[in-house]
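Note sheet for the following structure.
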Amino acid sequence: MSDDTTLSAFRAVPRTGVIYVTTEAAKLGFHAGDPTWSNLGQGQPETGPLPGAPPRVHDVTIDVDDQEYAPIPGIWELREAIAALYNRLYRRGMPSQYSAENVSVSGGGRTSLTRAAASLGHVNLGHFLPDYTAYEELLDIFKAFTAIPILLEGERGYAFTVDDLRREVHGRGLAALLLSNPCNPTGKLVQGDELARWVAVARQLDCAMLFDEFYSHYVWSAPAGRLPIESAARYVEDVERDPIILFDGLTKNWRYPGWRVTWTIGPRRVIEAVASAGSFLDGGGSKPLQRAAIPLLDDAHVVAETNAIHAAFGAKRDRLLSGLARLGIKTDRAPDGTFYVWGRVEELPPPLDDGMGFFRAALGQRVIVVPGEFFDVNPGKRRHQRASRFRRHVRFSFGPSQESVDAGLGRLATMIADARTKA
C-alpha cells in the first residue's frame, strides 16, 4: 500500500494523451497488438508491409565498434546521409546546402524536441492551440523561456495567415515559435507559397521557427506530379542564417517508431547547442540503429516508401472520414496531412457529446480514441478555465490497419445507435 506522506520530493507527472488512453484501456485488458481491440488512438503508423513499399528491415548487423557509445550528435555517416537527402529532396540547384554539421541525431522525437527546448534562452516562445499533447510538459519543465499560447479557431478551419504570424511575433514579442506541420491533431498543413512566406517572416524578424515535421510524408494535398512531402527546408535561403529548425526521423515517415532514430536540422550554431544539451539530457542514441538507418535514406527507398504510404493511408483517410460523417461526427476541416481526423462530437447524444465521455464509452466497445482536451496545450496550467475549448473534440487515428479502422467504426456505430435509442 502506498503512503502519500512519503517521497515528497517528487511531483505527480501527468501522462500525455496517447499514454493516458492506452493506460486506461490496459486496465480493461488491452495490450499492444491485441486483435480484439481497435486502437484508433494510436500515435504510430502500422509498421508491416505495404503494397509497393520496400521490404521491411528485420535484422540489424552490429559491428564491433557499435558496442561503444554513439557521438552525442550522432554518427557522422548518418548525419551526412540526412543532410544529403534534404539537399536532394528540397534544395537542388540552391547555393546554400546542408552538411553533416547541420544535423544532430537523437533517440526519439521527444528527445530531439527536449534538446531544443533546453537550448532556448530567456525568450517568449509561441505555440498553437490545439497541438501535440507532449508539448504541454515540454513547455513547462524548462523555465528559461515563457510559453505563449496562440488560439486557432475551428470555425476558420484553423487558418493562420502570414499577416497573423507577423502580428503575433510583433505583438507578443516572440523570439521563437513551435508547431507541428502537418499539425497533430487537426491535420492542418502550412505548405507551398504560404510556407515560403512563413520562412520569410522568420528570416526578416529573426523569429526562430521550430517545425515538428514528423508527419511530413503524410501529405494529402500535394501538387500533382510531386512526391507528396513538404518541408520548410524547401524555402530556406541560407542554411546558416535562416532561423529554421526542423525535426523529423524514422518514427512516422519511414514507419520505424521502435528504432528511436530522429534528427534535428538547422544552423550549425543551433546544432552545437542541441548536441550540448544532449550531453546532459540523454547521452545520445543507439549506434547500431543509426548505422542501419543509412540505407533507408536512399532516394529509391524514400520514394517507394512515401508513395506506398500515400496510397495505403490515403485510402484509410477517406474511409475514416466518410465513416465518421455517417456516425454524425463532423470535422472542422478534412486533414491536409498526418494520419488523424479531428472530429467534433457535440451533436451526439450524451454522454457521447463530450470527448472524455465518448472516450470512456468507446473503451466499453474495445475502441481507443483520444479526447480533444489533451491537445489544449496548457503548460503549468497557467490558463485557468472551467472546461477545455476542445472538450467536444476527439482525435481518431487511421494509423492502424484498414481492418482495425473498419472494426472500430463498426463498434462505434453500435455504441452511438444504442445511445440514440436511450436518449
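Determine, for each peptide in 390-400, 316-326, the mean count of other beta carbons within 10 angstrom over its residues, then list the peptides with the highest first.
In descending order of packing, they fall as 390-400, 316-326.
Which parts of the stretch 288-305 would a label at Glu77 reach, counting a residue when its backbone N lies under 17 Å from a point 7 Å out along Cα-to-Cβ?
288-299, by backbone N distance to the label point.
Please work out whether the stretch 21-91 counts as rounded, prolate or oblate from its C-alpha gyration tensor, where a ≥ b ≥ c are the square roots of the eigenvalues and a/c under 1.5 means rounded, while otherwise a/b larger than b/c means prolate and anything else oblate?
Since a/c reaches 1.5 and a/b is larger than b/c, the shape of the stretch 21-91 is classed as prolate.
Could you pull out every residue, at least 5 positions away or on a different chain, whose amide H is within less than 5 Å of the one on Ile150? Hs are placed 1.01 Å off N in the peptide plane, and Pro or chain starts have none.
Correct list: His127, Phe128, Leu129.
What is the spin-label model distance, in nm, from His301 to Glu237 if the labels are put 7 Å beyond Cα along the C-beta direction?
3.6 nm
Taking the chain as the reference, fit the longest principal axis to its C-alpha atoms, fit the long axis of helix 76-90 to the helix C-alpha atoms, and give the angle between the two in degrees, 0 to 90, nearest 10.
70 degrees
Mind checking the angle between helix 17-26 and the chain's longest principal axis? C-alpha axes, 0 to 90 degrees, to the nearest 10.
50 degrees
Among Thr414, Pro295, Leu152, whose Cα projects farthest towards the positive end of the dipole of the chain, with charges put on the beta-carbon of Lys, Arg (+1) and Asp, Glu (-1)?
Thr414
Which of the peptides 57-70, 189-202 is most tightly packed, and how do the rest follow, judged by the mean count of other Cβ atoms within 10 Å per residue?
In descending order of packing, they fall as 189-202, 57-70.
Using every Cα-Cα pair within the chain, state what percent have a distance larger than 32 Å.
The proportion of pairs with Cα distances above 32 Å equals 36 percent.
Using a 7 Å offset from the Cα along the Cα-to-Cβ direction at both Asp163 and Arg326, what is the distance between the two label points in nm, to one decimal?
Result: 4.3 nm between the two label points.
Report, as a whole number in µm² per second, the diffusion coefficient that Stokes-Einstein gives for the stretch 225-356 at 10 °C and 1.306 mPa s using the Kirkwood radius over alpha carbon pairs.
87 µm²/s
Nearest 10 degrees, 0 to 90: what angle lies between the long axis of helix 268-281 and the longest principal axis of the chain (Cα atoms)?
60 degrees
Sort the following peptides by mean Cβ neighbour count (other Cβ atoms within 10 Å, averaged over residues), highest first: 340-348, 13-21.
Answer by packing, highest mean first, reads 340-348, 13-21.
Looking only at Thr331, Thr161, Thr114, which one moves most when the chain is put into a Gaussian network model with springs between Cα atoms under 10 Å?
Thr161
Using Cα springs under 10 Å in a Gaussian network model of the chain, which residue among Arg268, Arg88, Arg291 shows the largest mean-square fluctuation?
Greatest mean-square fluctuation among the candidates belongs to Arg88.
From the square roots a ≥ b ≥ c of the eigenvalues of the alpha-carbon gyration tensor of the stretch 64-298, which class results: rounded (a/c under 1.5), prolate (a/b over b/c), or oblate?
prolate
Figure the gain on full extension for Ala417 and Asp318 (residue separation times 0.36 nm, minus the Cα-Cα span) and round it to one decimal in nm.
Stretched fully, the Ala417-Asp318 segment lengthens by 33.4 nm.
Bear in mind that the values in this text are calculations on the coordinates, not laboratory data. Every value quoted in this text rests on a predicted model; they were computed, and no experiment measured them. We place every Cβ from the backbone using ideal geometry, glycine too, and count neighbours over all the protein chains shown.
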